[in-house]
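**Q** Structure below; questions to follow.
None of the figures in this text is laboratory data; all of them are computed from the coordinates on show. Remember, it's a predicted structure, so these values are computed and weren't measured experimentally. Neighbour counts run over all protein chains shown; Cβ positions are idealised from the backbone, glycine included.
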Ligand code: UDP
């Protein structure tokens, strides 16, 4: 397709590289690199201090935005005066003529609300499932007024908004060359992710305790009070925690594990950690809901167990040997490669720009 000038606007919850953005940080890196490899002109707009590989990042300062998953469903919209969210979108507005398309990666009300005010088309890659009434309303408004402008990781995630058909399902991908296949793991299983209540690390601690299997925990310590409470219930947690590691170190440790355990309490939009594990040849044992349920092929590349059922999780941990590490790597190669991701995003962009020229009016 023709070379596009693309502005990718990041999440305002933390600088890229901090881990506060969760999986969207890796998604932006991979997508940005793949789009640039295809000849597109890619600029990232993100909170000051952000680093994203060798991609050009325009940093914007200001107070960070609270994360949506820490707010209640009926919490009103909160915007800081001079906050980074408003300032990033003001920067996007001022420079919009330099771009063919602006893609929003922030799970925040403001960019959805602002969509009709831009001359350059704004598309939205929605990174979480439905969490608040205000966001649902803003998402549905874009669905109604600007058909084709919504993207999501998975079908299950899109359906939480009550307008699933309005979304293009784009999945995720990783740079497979960064992940080494490991055929012979050690004894431990891994748990990866932000340490925050919606990820329910306590279930992985309880299930591995039950199954008498050592656990390695890697990830951003997002909620300190929650982590302290876990430490009181599970004295082994502190020794199991290895920190928040860069991809190279992460994959070296995960590859040595017999399985990845995923215990999301919420409808996980995707779960980049699942495909990172698969790429190392590591099967995924997960609750049967949200993104992991669309990724894992139960019985071959992992086990899906009833959500919130710790005994079922522990039981599945005794059946890891039945899974196929080679099939795990193969699934990552066929379904989650960067070229496959680039094809899906380019098709989305083409459909959007082909049917809706830059100056098109929204439907009334
Ligand atoms: N991650 C990391 N270092 C760690 C543990 C996790 O860089 O030590 C990254 C991981 O690569 C993944 C992200 O944290 O990209 C977690 O994203 P995921 O999509 O699994 O969940 P989210 O945080 O978006 O809900």
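**Q** Cα atoms only, the range 33-120: Rg and Dmax in Å?
**A** Rg and Dmax of the range 33-120, Cα atoms, are 14.2, 43 Å.
**Q** Measure of size requested: the Rg and Dmax of the range 69-166, with Cα atoms as the atom set and Å as the unit; please supply both.
**A** Both quantities, over Cα of the range 69-166: 13.3, 37 Å.
**Q** Could I ask something else about it? In nm, what is the difference between 0.36 nm times the number of residues separating residue 210 and residue 81 and their Cα-Cα distance?
**A** Numbers: separation 129, 0.36 × 129 = 46.44 nm, distance 4.90 nm.
Between residue 210 and residue 81, full extension yields an extra 41.5 nm.
**Q** What number in nm² do you get for the range 140-288 if you take the convex hull of its Cα atoms and divide its surface by four?
**A** Averaged projected area of the range 140-288's Cα convex hull equals 10.0 nm².
**Q** Among 120, 184, 154, which one shows the highest mean-square fluctuation when the chain is modelled as a Gaussian network with alpha-carbon springs under 10 Å?
**A** Among 120, 184, 154, the largest GNM mean-square fluctuation belongs to 184.
**Q** Can you tell which of 148, 255, 49 shows the greatest fluctuation in a Gaussian network model of the chain with Cα springs below 10 Å?
**A** Fluctuation is largest for 49.
**Q** Using R₀ = 51 Å, calculate the FRET efficiency as 1/(1 + (r/R₀)^6) where r is the Cβ-Cβ separation of residue 351 and residue 311; round to 0.05. Working shown, then result.
**A** Details: r = 46 Å, r/R0 = 0.90.
For residue 351 and residue 311, the calculated efficiency is 0.65.
**Q** Order by neighbour count: 348, 303, fewest other Cβ atoms within 10 Å first, most last. Mind showing how you got there, number by number?
**A** Values: 348 21, 303 24.
Listing 348, 303 from fewest to most nearby Cβ atoms yields 348, 303.
**Q** Run the numbers for residue 221 and residue 163: contour at 0.36 nm per residue of separation, minus the present Cα-Cα distance, in nm.
**A** Full extension of this stretch gives 17.5 nm more.
**Q** With axes computed from alpha carbons, what is the tilt in degrees of helix 325-335 against the longest principal axis of the chain, rounded to the nearest 10 within 0 to 90?
**A** 10 degrees
**Q** What's the center-to-center distance, using Cα atoms, between the range 235-277 and the range 282-356 in Å?
**A** 14 Å
**Q** Now for a different question. Just the number, please: Stokes-Einstein D of the range 237-364 in µm²/s, Kirkwood Rh from C-alpha pairs, 20 °C, 1.002 mPa s.
**A** It diffuses with D of about 130 µm²/s by this estimate.
**Q** Additional query: If you stretched the chain out fully between residue 18 and residue 188, how much longer would it get, using 0.36 nm times the residue separation minus the C-alpha to C-alpha distance?
**A** Gain on extension, residue 18 to residue 188, equals 58.5 nm.
**Q** Sticking with this structure for a sec: Taking 25 Å as R0, compute the FRET efficiency from the Cβ-Cβ separation of residue 322 and residue 236 and round it to 0.05.
**A** E between residue 322 and residue 236, to the nearest 0.05, is 0.40.
**Q** How far, in degrees from 0 to 90, does helix 338-355 lean away from the longest principal axis of the Cα atoms of the chain, to the nearest 10?
**A** With both axes taken from Cα atoms, the answer is about 30 degrees.
**Q** Additional query: Can you tell me which of 179, 113, 287 moves the most in a GNM of the chain? Springs connect C-alpha atoms under 10 Å apart.
**A** 113
**Q** Angle check, please: helix 133-145 long axis (alpha carbons) against the longest principal axis of the chain (alpha carbons), in degrees 0 to 90, nearest 10.
**A** On a 0 to 90 degree scale, this one is about 50.
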